[in-house]
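A short worksheet on the structure shown next.
Since every read-out is calculated from the coordinates, none of them should be taken as a lab result. Predicted, not measured: the structure shown is a model, and the values here were computed from it. Virtual Cβ from ideal backbone geometry, glycine too; neighbours counted across all protein chains shown.
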Amino acid sequence: MASEPDKSSDKTDKSDGANKPSKSDKSDVTSKPSKSSQKEVNATKEEKPLRHGYTTGSCATAATKAALTALILQESQLYSTIRIPIGEDVTFEIVRCEYETERAEAEIIKDGGDDPDATHKARIISEVSWRSESGIELDGGVGVGRVTKPGLPVPVGEAAINPVPRKMIRQAAEAVLNQYGIDRGVRVVISVPDGEEIAKKTLNGRLGILGGISILGTRGTVVPFSTSAYKASVAQAIRVAVTCGCTHLVLSTGGRTEKYGMDMYPDLSEEAFVEMGDFIGFALLQARRQGIRKVTLVGMMGKFSKVAQGVMMVHSKSAPVDFGFLAKVASDAGATQEQAAAILEANTAALVGDWMQEWGYSTFFELLCSYCCEAGLREVGGGMEIETVIISMKASLLGSARMDG
């Protein structure tokens, strides 16, 4: 476990990038805005400070410092203090430290704070050993992925230890050697014993990172409810797709919607399918900036009812479903006043979709999809074709539309 930072940073990066779990579609079922009593509960929750966590990169750096210190002093280390990129000194508890004459290793349990990702409580181990050559050699061991596709910040063939953690680990090792006046080469191997299993919950496989997780982090801390980690993985996935020659991307909100997209476009390569989660606008802008000509958005009623209104970050906590808007679209599709009134009292957007299917208003879904296309084109300023597909919770097609900007 690591101690809390002395101060917090407003926009600290949750930088475990690809290690963020893939989003599911469960938030497509969004509750209707609650009453004032619920607002008070929410306010109370917001007032409670949330605990920060630390990235895999920070853990690997602290473990390396402890292991190298143990190797030099031939003494077990209980704690390791490092300076993380945002300028804070953080002390990590070493849960295991072993040393021999020529090698030593230290282990830290990763703490994800109050917004844990797939790597929360992962065992991060650094093994250091003397080498005959000068300099510091860094590699990944068991449970650290290896890069197999271009387009990532680490070259193909190398361990998935991103540039900032690489720099942190090297600097920490150099500082320890200088502190004790040692002029010898060191080999550092970072391992995550359960990394291969953890990686199944991440986007690493799609990014071409095989065999384990990535060692990531640009600021050192994990801030609760930060969006930067997942956004970083989406940007990486799009970059990989472009590097692999994709010109048509299928952006989905989660696992079920992605599978539907794959069934729709079986001829597209695996890299063309990207889970964007709640970050609709971000994903569209990334695709536009990287020259993608066509994007297919696949999602469900809850999220896409928000996109239809121009909301481009569709997490349930940032944008509730607007049942008034859905009632208006239903009316435009031919629904009666009584049916529109019922929609105003609905609990979820999915329920509204079920009703519209039951009542036979297929135009309702076509309108929503058209609005999504229009909103997406406004977001990116045109220059691409956007297709929107809305499916049900049971993965059946509700409606679709296509527009070229």
The stretch 351-405: trypsin sites (Lys or Arg not before Pro) in DSSP coil with no more than 15 other Cβ atoms inside 10 Å
394
Give me the extension gain from residue 337 to residue 197: residue separation times 0.36 nm, minus the current Cα-Cα distance, reported in nm with one decimal.
45.1 nm
In which sequence would 126, 76, 269 go, from the one with the fewest C-beta neighbours within 10 Å to the one with the most?
269, 76, 126
Please state the shape class of the stretch 245-404: rounded when a/c is under 1.5, otherwise prolate if a/b exceeds b/c and oblate if not, all from the C-alpha gyration tensor.
prolate
Rounded, prolate or oblate: pick one for the stretch 238-296, where a ≥ b ≥ c are the square roots of the eigenvalues of its C-alpha gyration tensor, a/c under 1.5 means rounded, and failing that, prolate if a/b is larger than b/c, else oblate.
oblate
Sort 369, 97, 59, 244 so that the residue with the fewest other Cβ atoms within 10 Å of its own Cβ comes first and the one with the most comes last.
244, 97, 369, 59
Sorted by Cβ neighbour density within 10 Å, fewest at the top, the residues 247, 388
247, 388
Take every DSSP beta bridge whose two residues both sit in the stretch 245-404, then give the antiparallel share in percent to the nearest 5.
35 percent
Residues meeting the amide H criterion for residue 398 (H placed from the backbone, H to H distance under 5 Å, 5 or more places apart or on another chain) are 390, 391, 392
A student applying the Cα gyration tensor rule (rounded when a/c is under 1.5; otherwise prolate if a/b is larger than b/c, oblate if not) would label the stretch 106-163 oblate
Computed FRET efficiency, Cβ-Cβ of residue 244 and residue 158, R0 25 Å: what is it to the nearest 0.05?
0.85
Express in nm, to one decimal, how much length is gained between residue 142 and residue 180 on full extension, taking 0.36 nm for each residue of separation and deducting their alpha carbon distance.
10.7 nm
Placed amide H near residue 275: partners under 5 Å, 5+ positions off or other chain:
252
For the stretch 181-279, which chymotrypsin sites (Phe, Trp or Tyr not before Pro) are both in a DSSP coil and crowded by at most 12 other Cβ atoms within 10 Å?
225
